[in-house]
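In what follows, a single structure is set out as structure tokens and then discussed.
The values are calculated or read from the model by the stated rules, or taken from the named source; none is laboratory data. Computed from a predicted model, the values in this text were never measured in an experiment. All Cβ positions, even for glycine, are placed from backbone atoms using ideal geometry, and neighbour counts span all protein chains on display.
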Amino acid sequence: MNNLLLTIFYSFIVFLSQIVIFYIFNQFSKEPIKMKKILIPIIIIGSLVETFLTTYLSPVYNCIICISYFLIILKIFTTIKFKDIIFYSINIWLLLIFLDIFTMLIYNALQLIFPVLSNYVFVARPVGTIIMNVAAIIITKQKIIHKFINNTYNYFQKIDSSIVYILLLFTLYYMLGALSISHIRNLKLLIIIFLLAIILTITIIKILLSKYEIITLKTTNQLLIKNNEFYLKLLDDYHILKHNLISQLLGIKSIANNKAKKLIDELIKEYNANFQTTSDLRDVPSGLNGIIYEKVYNFNKKELNILIDNKIASKVLEVITPRSYNLLCEALGVVLDNALEAAYKSKDKVVYLNFREMQENIKVTIINTFSGIIDLEKLGQKNYTTKNIGHGIGLYSIIGRRKIKMKTTIKNNLFINEILIEKKK
Amino acid sequence: MIKFIVVEDEKSVQDIIKKVLRKISIANDTEIEISYHQKYNKNLLKDISEEVYRKVYILDIELEGSISGIDIAQKIREKDWDSEIIFVTSHDKMFETVHRNVLEVFDFIEKFHNMESRLEKDLQLIYNQKFDKKMLKIYSRNADLEIYLKNILYITRDKEDRKLIIHTKDVNFKISSSLNDITEKLDNRFIRTHRSCIANKDHIVEYNYSENYFQLDIGIKVDLLSKKYRKEIENE
């Protein structure tokens, strides 16, 4: 009976600890946990299983099962990427291990001062766990911790996903290796071969994919350059046509009556308004004006205030690699789509594009006005969009890629997107 | 004290600006410092970097050399969003609308069309307005948010997803925080009107405790006024 009560008590403590882990995860990632009603019974079952494992299994097995359990549960009950779940889990574990060691040191010190405490180990463990959890919650709320998490997150994003998964597998393998059980030791060779096979397969697939990608990119780039030349020619034709048309209209104006003169003035004003945007496109770095023309053209008649400010003297394709160029086009396309759509719905309807060549990067700044409501935490997440159309997949697919950095700042009613793309070395 | 930084290469325009500044300084009985530049140079860069309580830039757009007034404004905004910028120019409306928003330009004044009276009117407005550039800054993983406190109308707690909604005139923002946490980032112009609402009293024109609402200067009624906070509100 006593044992049963003790097991229930331990399970309750484990349950609290698991709730704390989910709380810390939520604080670190700012990611809401879905389906909370289903999660609570799962945590209760999980707590009972963990208590059972702690009693009957070795700590290493227990640890491996716990890691897998949390990773799976977090993947099911949140919407973030598995790689990010691993990142936040590592941080949570580091924090808890630190607190565990700290609590143990204090307990051992107290035992030295009050030897009678050795008779109450069964009470000390749950009490220690509760103190540890409270300390974890307090530490989690500290701004410095959030700053640290955000900074390390940016570094973590640079590591390739496959490397992260392999490291995770190695950690699990190392933990298995820590067991001194003979049949596990015999498995070592098989596990090494298995892991090496995975690494080799991933590497070969990656090399093949990148080769295929380079070929596709070269074809796409040639097509883009052709399209670009076509657009520039179109633009020239349009300018000549506009110039001739206005000259003819002015000619007619000199012999027209007042009503016709008024109409001619309005027509000239309209042609000049369209000319403003299209002539700005001449200033865009060569290689990007095609994509901007395509996007902007559809909004020309919708009275948007678009201004393009280019400070790049050379051709974009001469300063960045084809792969970076492709990434830049992709990012610019997505951000520009969002910016134009959001600006169109706003009061001032402003879109401003700025291109700059920095020492190591090409920097594109897209600023637009917007209206409505924005969820700060959900920006850049899958299925979240600020423009009420589409599904927000575009921006989500770009964030976190190598060689491209994106920064979003919202300043009052302005949405500021900065795209930084690495230059050729 | 206000420091005026004038970047203008035409002597006649510089004289008009000088005259207006002197007039404004006497009218408001305020000490002013004026720094003149003809183009972008090291001294101007020093003026931009210098930390002065209040600065007003009067910039010509078309300047000698490759750096225009817009480029100078961009350089100013890289470091300083608090100072006011006035452009002396002759550009089209679209150009103005974009830069008014993007660079927070106070005004665009046409050089040869009532320049003196317009500049005087603008500077008087700058003198009269509260120098209030305090900001609420919130940093999240994917985006940073910066809003002038004066632009915030009220903040409510959304019951559904337990997030806060910051209401401004044209846009609203949802953030993960609590009313208690956000209060620490605000100043004393913000008051608690309800257990799930903090409001900017500078924007409130009426408190109606019998019908539990307060009215904002933009005409909106917010049904989040509780008698519980009446004493605190009236003491403020």
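Identify the residue in region A:320-350 that is within 24 Å of B:D71 (Cα to Cα) and part of a loop (DSSP other than H, G, I, E, B) and, among all such residues, is farthest from the other protein chains (Cβ to nearest Cβ).
It comes out as A:K349.
Given the condition surrounded by fewer than 21 Cβ atoms within 10 Å (Cβ to Cβ), at pLDDT 85 or above and away from chain B (no Cβ under 14 Å), answer yes or no: does some residue in region A:403-422 qualify?
yes
Taking the criterion of being touching a residue at least 24 places away in the same chain (Cβ under 8 Å), within 14 Å of another protein chain (Cβ to nearest Cβ) and not aromatic (F, W, Y), would at least one residue in region A:56-78 satisfy it?
yes
In region B:1-15, which residue that is outside any strand (DSSP E or B) and not charged (D, E, K, R) is nearest to the chain's Cα centre (by Cα)?
B:M1
From the residues in region B:137-149 that are of a type outside the set (A, V, I, L, M) and surrounded by fewer than 18 Cβ atoms within 10 Å (Cβ to Cβ), which one is nearest to B:I204 (Cα to Cα)?
If we take residues in region B:137-149 being of a type outside the set (A, V, I, L, M) and surrounded by fewer than 18 Cβ atoms within 10 Å (Cβ to Cβ), then B:Y148 is nearest to B:I204 (Cα to Cα).
Within region A:313-325, how many residues are surrounded by fewer than 21 Cβ atoms within 10 Å (Cβ to Cβ) and at pLDDT below 80?
Result for region A:313-325: 7.
Taking helices (runs of 4 or more DSSP H) that fall entirely within region B:26-113, which contain at least 2 residues that are within 14 Å of chain A (Cβ to nearest Cβ)?
It comes to B:69-79, B:93-102.
Please verify whether region A:28-48 includes one or more residues that are out of contact with any helix residue (DSSP H, G or I) (no Cβ under 9 Å at 6 or more places or on another chain) and within 14 Å of chain B (Cβ to nearest Cβ).
no
Does region B:140-147 include one or more residues that are free of Cβ contacts under 8 Å to residues at least 40 places away in the same chain and more than 10 Å from chain A (Cβ to nearest Cβ)?
no
Among what's in region A:360-382 and is in a loop (DSSP other than H, G, I, E, B) and in contact (Cβ under 8 Å) with a residue 60 or more places away in the chain, pick the residue that is surrounded by the fewest Cβ atoms within 10 Å (Cβ to Cβ).
A:E360
What about A:N150, is it within 14 Å of another protein chain (Cβ to nearest Cβ), farther than 23 Å from A:I43 by Cα, modelled with pLDDT of 80 or more and surrounded by 13 or more Cβ atoms within 10 Å (Cβ to Cβ)?
yes
The conditions are (1) in a helix (DSSP H, G or I); (2) surrounded by fewer than 19 Cβ atoms within 10 Å (Cβ to Cβ), and A:I33 fails exactly one of them. Which is it?
(1)
Which residue, of B:I198, B:I182, B:I165, is outside the structural domain of B:E8 (by TED's automatic domain parsing), closer than 29 Å to A:K345 by Cβ, in a helix (DSSP H, G or I) and not basic (K, R)?
It is B:I182.
Confirm whether B:S210 is part of a loop (DSSP other than H, G, I, E, B), within 13 Å of chain A (Cβ to nearest Cβ), farther than 30 Å from B:K11 by Cβ and out of contact with any Asp or Glu (no Cβ under 9 Å at 6 or more places or on another chain).
no
Among the residues of region B:124-136 satisfying the criterion of being surrounded by 11 or more Cβ atoms within 10 Å (Cβ to Cβ) and assigned to a helix (DSSP H, G or I), which is nearest to the chain's Cα centre (by Cα)?
It comes out as B:I126.
What are the residues in region B:159-170 that are surrounded by 14 or more Cβ atoms within 10 Å (Cβ to Cβ) and more than 8 Å from chain A (Cβ to nearest Cβ), if any?
B:L164, B:I166, B:H167, B:K169
Could you say which residue among A:F52, A:F22, A:F9 is in a helix (DSSP H, G or I) and at pLDDT 85 or above?
Only one candidate passes the filter, namely A:F22.
Out of everything in region A:304-338 that is over 27 Å from the mean Cα position of the chain (by Cα) and polar (S, T, N, Q), what residue ends up being nearest to A:N289 (Cα to Cα)?
Going through the qualifying residues, I end up with A:N310.
With the requirement that a residue be touching a Phe, Trp or Tyr at 6+ places or on another chain (Cβ under 7 Å) and at pLDDT 80 or above, what does region A:242-272 give you?
A:L245
Is it true that some residue in region A:62-82 is part of a helix (DSSP H, G or I), of a type outside the set (G, A, S), surrounded by fewer than 16 Cβ atoms within 10 Å (Cβ to Cβ) and at pLDDT below 80?
The answer is yes; a qualifying residue exists.
For residues in region A:351-365 being touching a Leu at 6+ places or on another chain (Cβ under 8 Å) and either of a type in the set (A, V, I, L, M) or more than 10 Å from chain B (Cβ to nearest Cβ) (or both), which is farthest from A:K218 (Cα to Cα)?
A:V351
Do we find that B:K18 is modelled with pLDDT of 85 or more, of a type in the set (K, R) and either exposed (fewer than 15 other Cβ atoms within 10 Å of the Cβ) or in a strand (DSSP E or B) (or both) in this structure?
no
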